[in-house]
């Protein structure tokens, strides 16, 4: 598909309750936990990166520390309703005409950048969705084609796109990777 227009969402609105709060702005390596997800989203072949904020106002400053004209902040006012609220806020804020959207989770700092172009190419070739796979396990980021955006807007509660991907089954193009960063997330304080 020529003229393919892709975007990225970085979901960063949650409270991080299992972590004890302020998870995404906690210390991680040489910066904050969210920095890895932001770097990956900005490395993706996208024309815009929407950072969906909510519980932790420090996430705004963390995102703004990555100066890039493609980056925009979106506030999920009903973030307490769970992951679906963040997804819906992000999808609703996409620029018109976007063909597909990468979904990055703010607590996944080790996403390998090499998987990003093949995921975008899968959407360009007509796949409804694509995801990286490591040793048979589907990871992140996933990318969804625009015909699925309406289904995202129907999600409720603490549900992301996983159920949608499961329903699509073999229609989801999988991109194999040897990098387990597609599975690595942080739920509890490190150290």
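Any read-out appearing in this document is the output of simple, stated calculations on the displayed coordinates, not a laboratory observation. Predicted model only: the values in this text are computed from it and were never measured. As a convention, Cβ positions derive from the backbone with ideal geometry for all residues, glycine included, and neighbour counts pool all protein chains shown.
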statement: Going fewest to most other Cβ atoms within 10 Å around each Cβ, 146, 95, 84 line up as 95, 146, 84
message: In the stretch 120-144, whose amide N lies under 12 Å from the spot 7 Å out along Cα-to-Cβ of residue 180? List them in ranges.
response: 134-135
message: Between helix 33-43 and the chain, what is the angle of the helix's C-alpha long axis to the longest principal axis, kept within 0 to 90° and rounded to the nearest 10?
response: 30
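Please compute, over every Cα-Cα pair in the stretch 60-113, the percentage with a separation greater than 14 angstrom.
Numbers: 939 of 1431 pairs.
For the stretch 60-113, the share of Cα pairs beyond 14 Å comes to 66 percent.
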message: With angles folded into 0 to 90 degrees, how steeply does helix 83-92 sit against the dominant principal axis of the chain? Use alpha carbons for both and round to 10.
response: 60
message: Per residue, how big is the convex hull of the stretch 1-101 when only Cα atoms are used? Give it in Å³.
response: 97
message: Given N residues in the stretch 6-182, what is its alpha carbon radius of gyration divided by 2.2 N^0.38 Å?
response: 0.94
- line: Nearest-0.05 FRET efficiency for residue 64 and residue 39 at R0 = 22 Å, using Cβ-Cβ distance, is 0.95
- prompt: Order of 46, 80, 133 from fewest to most other C-beta atoms within 10 Å?
  reply: 80, 133, 46
message: Taking 4 °C and 1.567 mPa s as the conditions, I'd like the Stokes-Einstein D for the stretch 124-191 in µm²/s, using the Kirkwood hydrodynamic radius from alpha carbon pairs.
response: 98
message: Taking the number of other C-beta atoms within 10 Å as the exposure measure, put 107, 179 in order starting with the fewest.
response: 179, 107
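Calculate, for residue 95 and residue 137, the FRET efficiency according to 1/(1 + (r/R0)^6) with r their C-beta to C-beta distance and R0 30 Å; round to the nearest 0.05.
The calculated FRET efficiency here is 0.40.
With an 8 Å Cα cut-off and a minimum separation of 6 or more residues, compute the relative contact order for the chain in percent. Numbers along the way, then the final one.
Values: 408 pairs, mean separation 49.8, N = 191.
It rounds to 26 percent for the chain.
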query: Length gain on complete extension for the stretch residue 22 to residue 167, per 0.36 nm per residue less the alpha carbon to alpha carbon distance?
result: 48.9 nm
